[in-house]
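Have a look at the structure below, then the notes.
The values are calculated or read from the model by the stated rules, or taken from the named source; none is laboratory data. Predicted, not measured: the structure shown is a model, and the values here were computed from it. Glycine gets a Cβ as well: all are built from the backbone with ideal geometry, and neighbour counts include every protein chain shown.
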Amino acid sequence: MAKVASTTDFTKVMSDMMGSIPMDMSAFGDVFKNQAAVADKMTKVALEAAEKSTEISSKWTKDTIAKMSDASAVKEEPADYSKSVTDFASAQAEMVAENLAAFAEVAKKVQMETVELMMAAGKEASEEATAAVKKATADVTTAAKKATAK
């Protein structure tokens, strides 16, 4: 009778191989926690910017409505209407410059805070990676010594 070829159970081979490699799973938890902390800080930056932008827009709208009220009021002389529209246009031009500067300040602050967060996260990630590599090297060296000692 012919011998039936048996197939290798690669699941067991992979499990044995992965089990023999020292691995610290707590590092994955630390990465997740650090990423969540960075995401939390970035969310706060974005929400603060959105809040400030909304305040600027709201104030701009209120000021425009107030100026529009002045421009639409009944005038005694026809020339007063022309002056009223000119005053409104001048006030709008001034408000545009002020509000765009305020939006630019918000954007500048967000940019600076984002760069600071990314730099801090990058530095922290680099330090963690260095520590993880050193630990992994030590673990592999220990495992290799144990394997060769047998």
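Residues of the stretch 99-150 that are within 30 Å of Thr54 (Cα to Cα), under 22 Å from the mean Cα position of the chain (by Cα) and either not aliphatic (A, V, I, L, M) or not in a helix (DSSP H, G or I) (or both): Phe103, Glu105, Lys108, Lys109, Gln111, Glu113, Thr114, Glu116.
Could you tell me whether Ser90 is among the hydroxyl-bearing types (Ser, Thr, Tyr), in a helix (DSSP H, G or I) and touching an Asp or Glu at 6+ places or on another chain (Cβ under 8 Å)?
On the way: among the hydroxyl-bearing types (Ser, Thr, Tyr): yes; in a helix (DSSP H, G or I): yes; touching an Asp or Glu at 6+ places or on another chain (Cβ under 8 Å): no.
No; evaluated as a whole, the condition is false for this residue.
Residue-wise test of (1) at pLDDT 95 or above; (2) touching a strand residue (DSSP E or B) at 6+ places or on another chain (Cβ under 7 Å); (3) part of a helix (DSSP H, G or I); (4) not β-branched (Val, Ile, Thr).
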{"residue": "Met18", "(1), (2), (3), (4)": "no, no, yes, yes"}
{"residue": "Asp24", "(1), (2), (3), (4)": "no, no, no, yes"}
{"residue": "Gln35", "(1), (2), (3), (4)": "no, no, yes, yes"}
{"residue": "Val38", "(1), (2), (3), (4)": "no, no, yes, no"}
{"residue": "Lys44", "(1), (2), (3), (4)": "yes, no, yes, yes"}
{"residue": "Glu51", "(1), (2), (3), (4)": "yes, no, yes, yes"}
{"residue": "Ser57", "(1), (2), (3), (4)": "yes, no, yes, yes"}
{"residue": "Ser69", "(1), (2), (3), (4)": "no, no, yes, yes"}
{"residue": "Ser82", "(1), (2), (3), (4)": "no, no, yes, yes"}
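The sole residue among Glu76, Glu127 that is under 30 Å from Phe32 (Cβ atoms), free of Cβ contacts under 8 Å to residues at least 12 places away in the same chain and surrounded by fewer than 12 Cβ atoms within 10 Å (Cβ to Cβ) is Glu127.
Remark: pairs (first residue in the stretch 25-47, under 11 Å from Glu124 (Cβ atoms); second residue modelled with pLDDT of 85 or more and in a helix (DSSP H, G or I); Cβ separation under 7 Å; 6+ apart in sequence or on different chains) = Val38/Leu117; Val38/Ala121. Only one entry of Lys41, Lys67, Lys75, Lys59 meets the criterion of being charged (D, E, K, R) and in contact with a Leu (Cβ under 8 Å, 6 or more places away or on another chain), and that entry is Lys41.
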